[in-house]
Amino acid sequence: MTWDWEYAFDILPRLLVAFVQYTLLATVLGSLLGASLGLVFAVVRQARVPLLTQLLTVIIEVVRSTPLPLQLFAVFYVLPLVGGPTFEPLVAGVVVLGVHYACYYVEVYRAGIDAVPPGQWEAATALNLGRRYVWWDVVLPQAIRKVLPSLGNYAISMFKETPFLYLITVPELLYTAQVEIAGSTLRYLEPLTLVGLIFLAASYPTALALRRLETRLGSDAAV
Amino acid sequence: MGDTTLVEYVPLLLEGLQITLLLTLLGAILMFVVAFVLGLASRSNRTWLRGIARTIIELFRGTSLFVQLFWLFLALPQLGVRLSPLLCGVLALGLNYGAYGAEVVRGSLNAVPGAQREAAIALNLSAWHRMRRVIWPQAVVLMLPAFNNLLIQLLKGTPLVIAISLVDVFAVGVAFRNAGGDAVLMFLVVLPAIYLLLAYAMTFGMTLLEVTAKARLGDGRGLRDAIRNLRPGADPEGMHVPAGAGGVR
């Protein structure tokens, strides 16, 4: 059997719909959740809140060292057994991706916060600014600007890990191609090749754009 | 819970663990080979060689590990090539993370200060000796932390083989749950503990290598200090090459 163009064009619209509806949506929501949660983690760690900081360090370590598929199963199938919430597959996927990447983002933010010159902290203290203002108006704007390209790179990583949501039956791009389309036609070559090409077509230009942003911001201080 | 107990599943878990370890080991070997070949080729003076290397790197970095795994297992047979599930797993893991590793190799080699190379030329060292005795030992020190991250990423990618009918330790855990076993115990205690342990063991091994490599450069930071900083903090892009290692991503 060889490549069948007609079949390929036939299934392309369905793949693109699944891509936008699930893959992109999961990436955007997961990135937003991860970036905000990661920021909270980073500030808690930096502020050295007793107990909470140590607990957070352990959680981050465990999340970073265990596989995403395991975490997906744990949240989707096991959490409800111990009285946890029952999630829709997509919601479970977004939560797991978000928390998983928050544990990477926390290091990125830390690098950004560390890169803010001590003089900025001292100046803010000398001006008698409240803690909230020091963080929101002095430190974070400078820190986040520095790590923007790194945050973007992690978003691309997450994007390429959205197919993992296949394991909890989210009908994202890979699931649609492999289960819903090829499952009935039994022709895998075209759908799976198209899936790869769609991923490449989306991630490569984004990576290039981020590289350009990185040069422009001159942020070699980033992780 | 059902009557399936964890004790009954210990032998199966050990068998699954063997598959996980085999995938990780063979995948890692392939990853290193691919990383070095593509990493060196992407620094070549020959445009065509660089072009081929860059194309392969971007292809494997850009298309997602899980998609590659399915492609090798389901799409490739339609082109007349049928590979065993284990080989598919090893190929997907090795090629995907090898492509990331190639960027680590390239970035680390580029990060060795230019004066080192000039000094080696001034001393009339051959191209081979320059690489082998001067550039490479310094680049390796920069590479090891990033490779540690990639190894842990690779380990964390192994459970995907459940989708191509391989029974690794994660798949045994899933089977245990399906048979009515205590899913809470399996997924919140046993499996996380296994993966944490493997990740720490890997980090420990790589830290030893790093200390050795640094000692060769005359930077004896002592083993105790290194162990104190032991953390397997895996990083999805293997991005821990120090600043200045230009374009590692």
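The values are calculated or read from the model by the stated rules, or taken from the named source; none is laboratory data. Computed from a predicted model, the values in this text were never measured in an experiment. Positions of Cβ are generated from backbone atoms using ideal geometry, with glycine treated the same way; all protein chains shown enter the neighbour counts. Remember, those area values only see protein heavy atoms, side chains included, never the ligands or the DNA or RNA. Shrake-Rupley method; radii C 1.70, N 1.55, O 1.52, S 1.80 Å.
Is the C-alpha gyration tensor of the protein assembly as shown telling us rounded, prolate or oblate? Criteria: a/c under 1.5 is rounded; beyond that, a/b larger than b/c is prolate, otherwise oblate.
The shape class here is rounded.
Got a sec to turn the phi values of segment A:122-134 into Karplus ³J(HN,Hα) couplings, 6.51 cos²θ - 1.76 cosθ + 1.60 with θ = phi - 60°, whole Hz, x for Gly and Pro?
5, 4, 5, 5, 4, 7, 6, 6, x, 3, 4, 5, 4
Relative to the longest principal axis of chain B, what angle (0 to 90°, nearest 10) does the C-alpha long axis of helix B:169-178 take?
20 degrees
From the phi of every residue in segment A:163-176, what ³J(HN,Hα) in whole Hz does the Karplus formula 6.51 cos²θ - 1.76 cosθ + 1.60 yield, where θ is phi - 60° and glycine or proline is x?
Values per residue, Gly and Pro as x: x, 4, 5, 3, 5, 10, 6, 6, x, 6, 4, 5, 4, 4 Hz.
For the interface of A with B, what's the total buried accessible surface in square angstrom, probe 1.4 angstrom, rounded to the nearest hundred?
Rounded to the nearest hundred, the buried surface is 4400 Å².
Run down the lysines and flag those whose C-alpha is under 25 Å from the C-alpha of A:Lys146, throwing out any fewer than 8 positions away in its chain.
Counting by Cα, and skipping residues close in sequence, A:Lys146 has these lysines nearby: A:Lys160.
With a 1.4 Å probe and every protein chain left in place, work out the accessible area per residue of chain A in Å², rounded to a whole number.
46 Å²
With every protein chain left in place, what is the accessible area of A:Phe159 in Å² (1.4 Å probe, nearest 10)?
Its heavy atoms expose roughly 10 Å² to the probe.
What is the log10 of I(q)/I(0) for segment B:1-83, computed with the Debye formula using one identical point scatterer on each Cα and no solvent, at q = 0.25 Å⁻¹?
-1.16
Quote to one decimal, in nm, the extra length available between A:Tyr204 and A:Leu129 on full extension: 0.36 nm per residue of separation minus the C-alpha distance between them. The partial results should precede the final answer.
Working: separation 75, 0.36 × 75 = 27.00 nm, distance 4.33 nm.
So the chain would gain 22.7 nm between A:Tyr204 and A:Leu129.
List the pair-distance distribution P(r) of chain A, using every Cα-Cα distance, as the percent of pairs falling in each 5 Å bin from 0 up to the bin containing the longest distance, rounded to whole percents.
The calculated distribution, bin by bin, is 1, 7, 12, 14, 15, 14, 11, 9, 6, 4, 2, 1, 1, 0, 0.
To the nearest whole percent, what portion of all C-alpha pairs in segment B:39-172 is separated by more than 22 angstrom?
50 percent
Please report the relative contact order for segment A:108-223, taking Cα pairs under 8 Å with a sequence separation of at least 6, and give it as a percent rounded to a whole number.
Once normalised by length, the contact order is 35 percent.
Write down the Å³ per residue value for the convex hull defined by the alpha carbon atoms of segment A:117-223.
On the way: hull volume 12.9 nm³, N = 107.
Roughly 120 Å³ of hull volume per residue.
Counting only heavy atoms of the protein chains, get the accessible area per residue of segment B:1-74 (1.4 Å probe) and round it to a whole Å² value. Write down the numbers at each step before the final one.
Values: 3890 Å² over 74 residues.
Spelled out: the 1.4 Å probe surface of segment B:1-74, per residue, equals 53 Å².
Mind listing the phi-derived Karplus ³J(HN,Hα) values for segment A:10-25, rounded to whole Hz, using 6.51, -1.76 and 1.60 with θ = phi - 60°, and x for any glycine or proline?
Residue by residue, segment A:10-25 yields 4, 8, 4, x, 4, 5, 5, 5, 4, 4, 6, 5, 10, 4, 5, 4 Hz.
Could you tell me which of rounded, prolate or oblate describes segment B:84-134, using a ≥ b ≥ c as the square roots of the eigenvalues of the alpha-carbon gyration tensor, with rounded for a/c under 1.5 and, failing that, prolate when a/b is larger than b/c and oblate otherwise?
Because a/c hits 1.5 or more and a/b exceeds b/c, segment B:84-134 counts as prolate.
Could you give log10 I(q)/I(0) at q = 0.17, 0.27, 0.29 Å⁻¹ for segment A:1-60, computed by the Debye formula over C-alpha point scatterers of equal weight, without solvent?
-0.70, -1.00, -1.06
What shape does chain B have by the C-alpha gyration tensor, where a ≥ b ≥ c are the square roots of the eigenvalues, rounded means a/c under 1.5, and otherwise prolate means a/b greater than b/c and oblate the rest?
Note, shape of chain B comes out oblate.
Ordering A:Trp121, A:Trp135, B:Trp128 by how much accessible area each has at a 1.4 Å probe, largest first, what is the list?
Details: A:Trp121 75, A:Trp135 25, B:Trp128 165 Å².
Ranking A:Trp121, A:Trp135, B:Trp128 by accessible area, largest first, yields B:Trp128, A:Trp121, A:Trp135.
Carbon and sulfur: what percent of chain B's accessible surface (1.4 Å probe)? Before the final figure, lay out each step's value.
Numbers: 7240 of 11080 Å².
Roughly 65 percent of what the probe reaches on chain B is carbon or sulfur.
With a 10 Å cut-off between alpha carbons and a GNM built on chain B, which of B:Gly80, B:Gly94, B:Gly114 moves the most?
B:Gly80
Assigning unit charges at the beta carbon (Lys, Arg +1; Asp, Glu -1) and nothing else, what dipole magnitude in debye, to the nearest 20, does segment B:54-204 show about its Cα centre?
Taking the Cα centre of segment B:54-204 as origin, the dipole is about 440 debye.
At a Förster radius of 25 Å, what calculated FRET efficiency corresponds to the Cβ-Cβ distance of B:Leu40 and A:Arg212, to the nearest 0.05? Intermediate values should be presented prior to the final figure.
On the way: r = 26 Å, r/R0 = 1.05.
My answer for the efficiency is 0.45.
Can you give me the % of accessible surface on segment A:47-134 that is carbon or sulfur? Probe 1.4 Å, all protein chains present, nothing else counted.
Details: 2780 of 4190 Å².
With neighbouring chains kept in place, the figure for segment A:47-134 is 66 percent.
Tell me the Rg and the Dmax, in Å, that the Cα atoms of segment A:40-108 produce.
Just the Cα atoms of segment A:40-108 yield Rg and Dmax of 13.1, 35 Å.
Roughly how many debye, to the nearest 20, is the charge dipole of segment A:131-220 about its Cα centre, given +1 on each Lys and Arg Cβ, -1 on each Asp and Glu Cβ, and no other charges? Let's see the in-between values first.
Values: 9 positive and 7 negative charges, 100 e Å.
That gives segment A:131-220 a dipole magnitude of about 480 debye.
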